[in-house]
Structure formats: C-alpha cells, structure tokens
Amino acid sequence: MDVELILKVYPYFLKAALVTVELSVLTTVLGLICGALGATARFSRFAIVRFLGAAYVSLFRGTPALIQLFLLYFGGPQIGIQLDAFSAGVIGLGLNIGAYMTETMRGAIISVDEGQGEAARTLGLSRAQSFRKVVLPQAMRLMIRPLGVNINAQIKGTALVSAISVVELTYTAQRYIGSTYKPFEMFFLAGILYLVIITITGKGVAYLDRRARLQ
Amino acid sequence: MTQTHPFVEIRHAQKSYGKLEVLKDISLTVERGQIVAIIGPSGSGKSTLLRAINDLDPLTAGEVWLDGLQVNKALPHRQYENHINEMRQQIGMVFQHFNLFPHLTVRENVTMAPKLLKTISDKEADTLAEEQLDHVGMLERIDYYPSQLSGGQKQRVAIARALAMKPKLMLFDEATSALDPELVEEVNLVMKKLAEEHMTMIIVTHEMDFAASVCDRVIFMDKGLVVEEGPPELVFKNPTQERTQNFLRKHLEGAK
C-alpha cells in the first residue's frame, strides 16, 4: 500500500468527506420531515390521505434510489425541474429515506400500547391531545434506534450521488484513481472516512437512546 | 330534586363484529349513587358493554344516556369529538392493566387531563392531585414514576387520575384481575371508600365476594344478554336462572 500517496491526498478527501457529512445531514433532516408527514398521512382519518401516504412509501421503497436520482436530475429538466447536482442529490435521497422513516415512525407509534391512547381518551382528551401528550412521547423513545438504522443506511447511500457528479467522498476517490491509478489506496481511504462518520453518528444515536430511556 | 330520567340508561344496546353478536339488545338503568356489578363468564360481553358506556367501543345500535344527555349521539365528526370529550370528562374509567402514562410521574399522571382541558387552574390541579392521591393513600409516592410502583399502587394512582376529573360516574373494568392476590385488598378498600361516598359505579368483576359486599345490584350476563339481575343476596344465594346457577357453581369451585 502506498502510504505516502495516502498522506498526500488525504486533505482533499477530508474536504470531500465534509460534503458527504453535509449531504447526510441535509438528507436526514429532509427525510425526518418527510417521515413525519408520511406517518401523519398514514394515520389520517381520510382514506385519500392514507392512500397518498402509502403510495409515497411503496413508490420510493419499491424503486432503486439510483433510478430516483437519475429521474430527478436527468429527467427533471424535461418536465421543467432544473436542479444542480447537489440539490437534486439532497432532494432525491431525502425523499427516498423519508419513505423508510415513514414506516419506522409508523411502527413506533403502533407499538405504543393501545391502552395508553384509550386511557387518555377516557379522561376527555381529544384525539390530537392524546396523541401529542401520551402516544408520541412514548413512540419517540421507541423510534430513536430504528431511525438510527435508517440514518446509517442513508450516510452510505450518499455515495450514490457520485453518479450525478456531486463531488463527495466516493466521487473524489474515483477522480483520484483517474490520476494515480491506485484504486486500492483511494477506495481504502474513502472507506475509512465513511467508517469514521458512521461510527460517530452511531455513538450519537446510542447516546440519545440512552438519555431517552433514563427520562 | 326530582328526576324524570334514570341517571344512567342503556337502551337496546347491540354490538356485533361482522356476524359475531357480542351484545344482543341490552337495556338497563343505574340510579345516582348506585353501585352495580356486572358478572359473567369471559366472552359474555360485560367488558364490551362497559366500554360502550363511554363510547370507547361504539355500539352497533342502541343508546347510552348519562344524566339526561345521550353519550353516543350521532353527530358530524368534529361536533362528535367535542361532545364525546365533554361526556368522557364526566365518566371515569379504570382499566385492568392500569394504563398509567409511563413517561409521566404520578403527579403528572393525575394533573395532566385537568391542566390540558383547563377544567381548573394549574394551581388548583396540583392541590387536587395531592388531595386525590392522599385519598387513595398514594401521596408519598407523588414524585415516583409508574414503573417504580407495585400493581396495587398503580391501580390506586389510576383511580386518583380518574377522580381528578370529578366524574359523575366511575367504570371499573376488572380493576383487580391483573393484580397479585395480596395486592387486591388495597384496591378493593379504595373502591369501598368510593362506595361509601356514594359515587355511582359500574364494576365489571370476577370477585363475587367483593361484589356481594359492596354492590347494590348484580347483573349476570351471558352470551351478550342480561340473564339475571337483582340485589346480591338474591343473585348469589338464590339465582333463578340455570345459567346463573351453573356459572356461580363453577366459579365457587374454581375459588376453592
């Protein structure tokens, strides 16, 4: 392994890793928003809204994320959606992970004991009040871990946007291979940096989970 | 005060899940201050009937009235929501599995509904919570979480939580069935205390001794019908119906 080369190029990789972090944060935020909206839709009392929520989930989970990105970035201009690669990446991946997060949140809400909502309703609380004050706080604790799993997958998933030429970690590795002809070193370095990002995120999730349990 | 209507009235209650008829045309009344036990084998529909009183399990047909107001009135969604929430504030319910809110302290469990619904000021709610918890002997655990309490203690807190809404009527759905035998008595004592204060109560129970000693009236249900009803000394000592006799015989054998 060419350690010297690695030492020479790693500052550029660190910069690229920052882009990966940025992508991860933005797509996670967008995913959480879409997940919250999707989960809310799936509990709506209107059948049409429930259908829309379910359709969103099956559409985005039922097709490859790469196709979704291509459709948005390359196909978008055809229907009047002009996005730069970075924005297309964030929106595409955010919508994609949002579908998974919808199901994660729905699952957590469903697994709160039915008797909790019933007890709240018998005290005279409205549907919204009993959801907000009784069901949701308990569901939040249950969803931290599985959302962490979604986020983990999402961080690795940001590698896909290299296919629409966003200069993040994977794209940078490919670019340096073009000039150095050292794929092992370049992919190895990129892999290590992904591992660092994921390990730190995992620790963060574990911390939040522990804190929620203690409360 | 003269009353022209019964305090609680159930008129021709029917409930079915598809082809399964859980309640078949049940009518009964409960007067203010009365304590009524509903007994019967499992699957007889007694819990379903109790849960229909506050519309937790809506009836397929029939009416439930409380103090001159129909509980299960057919209304457009939003109006129904407001109506049923107001009705439920007047109907306390205690569950077999307590259903305390695990993320809240004992105090917060009791004050949440009064504070959220603004039935009284926050300060009054705190005072009321202390009173109610004192009443059920749980004041010293006011800052505990439900997970730190025994089953009997949880159920006493659940009763205090229901009482904090100042209900006109209390429903007990097998309140002691999930408790270890040695913890049943403390909950029974609280219920007896309520009985002495003339709270109107409808109690679904498997405990015949408790029903006999506390209740004014016993209703025996089987297969979705009221088979027999009357004062406990009659229903327990001299049941007229064969099904009641069989049930009581089996139950007494099981208890021995």
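The values are calculated or read from the model by the stated rules, or taken from the named source; none is laboratory data. Please read all numbers here as calculations on a predicted model, not as lab measurements. Please note: Cβ atoms are built from the backbone with ideal geometry, for glycine as well, and neighbour counts cover all protein chains shown. All accessible areas refer to the heavy atoms of the entire protein, side chains included, with ligands and DNA or RNA removed. Shrake-Rupley method; radii C 1.70, N 1.55, O 1.52, S 1.80 Å.
With all pairs of separate Cα atoms included, the stretch A:75-201 yields a Kirkwood hydrodynamic radius of 17.8 Å. For the residue pairs A:133/B:154; B:15/B:166; B:168/B:192; B:19/B:73; B:166/B:223, the C-alpha atoms sit more than 26 angstrom apart in B:15/B:166; B:166/B:223. For the stretch B:83-172, the calculated P(r) over all alpha carbon pairs, in 5 Å bins from 0 to the bin holding the longest distance, is 3, 16, 27, 28, 18, 7, 1, 0 percent.
With N the number of residues in the stretch A:138-195, Rg(Cα) / (2.2 N^0.38 Å) evaluates to 1.49.
Per 10 Å bin from zero, what fraction in whole % of the C-alpha pairs of the stretch B:162-256 is there, up to the bin with the longest pair? Computed distribution, short to long bins: 14, 46, 33, 8, 0.
Pairs of alpha carbons in the protein assembly as shown separated by more than 41 Å make up 39% of all such pairs. Restricting to the protein assembly as shown, compute how many DSSP beta bridges are antiparallel as a %, nearest 5. Around 55 percent of the beta bridges assigned by DSSP in the protein assembly as shown are antiparallel ones. Cross-link partners of residue B:250 among lysines, defined as those whose alpha carbon lies under 16 angstrom from its own and excluding same-chain residues fewer than eight positions apart: B:237. Amide H contacts under 5 Å for residue B:72: B:64, restricted to partners 5 or more places along the chain or on a different chain, H placed in the peptide plane at 1.01 Å from N. For the protein assembly as shown, the residue among B:119, B:153, A:37 whose Cα projects farthest onto the positive side of the dipole built from Cβ charges is A:37. Highest GNM mean-square fluctuation among B:192, B:24, B:118, for chain B modelled with Cα contacts below 10 Å: B:118.
Averaging Cα coordinates gives a centre for the stretch B:1-74 and one for the stretch B:174-205; these two points are 21 Å apart. Dipole of the stretch B:1-61 (Lys/Arg Cβ +1, Asp/Glu Cβ -1, origin at the Cα centre): which of B:53, B:36, B:16 lies farthest to the positive side? In the stretch B:1-61, that residue is B:16.
Compared with the dominant Cα axis of chain A, that is its longest principal axis, helix A:183-214 is turned about 20°. Phi-derived couplings, Karplus 6.51 cos²θ - 1.76 cosθ + 1.60 at θ = phi - 60°, listed residue by residue for the stretch A:123-128: 7, x, 5, 6, 3, 5 Hz, with x used for Gly and Pro.
Taking a point 7 Å from the Cα of residue B:60 along the Cα-to-Cβ direction, the residues of the stretch B:1-39 with backbone N closer than 13 Å to it are B:13-26.
Taking the square roots of five times each eigenvalue of the Cα gyration tensor of the stretch A:165-209, the equivalent ellipsoid has semi-axes of 28, 11, 4 Å, listed largest first. Taking A:118, A:168, A:185 as the candidate residues, the one with maximal mean-square fluctuation in a Gaussian network model of chain A, Cα springs under 10 Å, is A:118. Rolling a 1.4 Å probe over the protein heavy atoms gives the protein assembly as shown an accessible area of 50 Å² per residue. Between amide H atoms placed 1.01 Å from N, distances below 5 Å from residue B:227 occur with B:220, B:221, B:222, all of them 5 or more places distant or on a separate chain. Inter-chain Cβ neighbour count for B:95-103, averaged per residue, equals 5 (cutoff 10 Å, partner chain atoms only).
Placing pseudo-labels 7 Å out from each Cα toward the beta carbon at residue A:36 and residue B:31 gives an inter-label distance of 5.5 nm. Rg ratio for the stretch A:1-101: its Cα radius of gyration over 2.2 N^0.38 Å, N being its residue count, equals 1.39. Placing unit charges on the Cβ atoms only, positive for Lys and Arg and negative for Asp and Glu, gives the protein assembly as shown a dipole magnitude near 1400 debye about its Cα centre.
Only helices enter this figure: runs of n ≥ 4 DSSP H residues, each worth -39500 (n - 2.57), summed and divided by the residues of chain A, yield -27000 deg cm²/dmol at 222 nm to the nearest 500. Here the convex hull built on the C-alpha positions of chain B has a volume of 146 cubic angstrom per residue. Between B:113, B:13, B:52, the Gaussian network model of chain B with springs among Cα atoms under 10 angstrom shows the greatest mean-square fluctuation at B:113. Within chain B, what percent of beta bridges assigned by DSSP are antiparallel, to the nearest 5? Close to 55 percent. Given a cut-off of 19 Å, what percent of all Cα-Cα pairs of the stretch B:50-107 lie beyond it? More than 19 Å apart: 37 percent of the Cα pairs in the stretch B:50-107. Here chain A was treated as a single set of alpha-carbon atoms; its pair distances binned every 5 Å from 0 give 1, 7, 13, 15, 16, 14, 11, 9, 6, 4, 2, 1, 1, 0, 0 percent.
Per-residue shielding of B:77-89, expressed as the average number of other chain Cβ atoms within 10 Å of the residue Cβ, stands at 2.
For the stretch A:127-215, the share of accessible area belonging to carbon and sulfur comes to 67 percent (1.4 Å probe, ligands and nucleic acids excluded). Neighbouring Cβ atoms from other chains, within 10 Å of the Cβ of residues in A:111-119, number 4 on average. Going toward the positive end of the dipole of the protein assembly as shown, with +1 on Lys and Arg Cβ and -1 on Asp and Glu Cβ, which of A:115, A:195, B:244 do you reach last? The one lying farthest along the dipole's positive direction is A:195.
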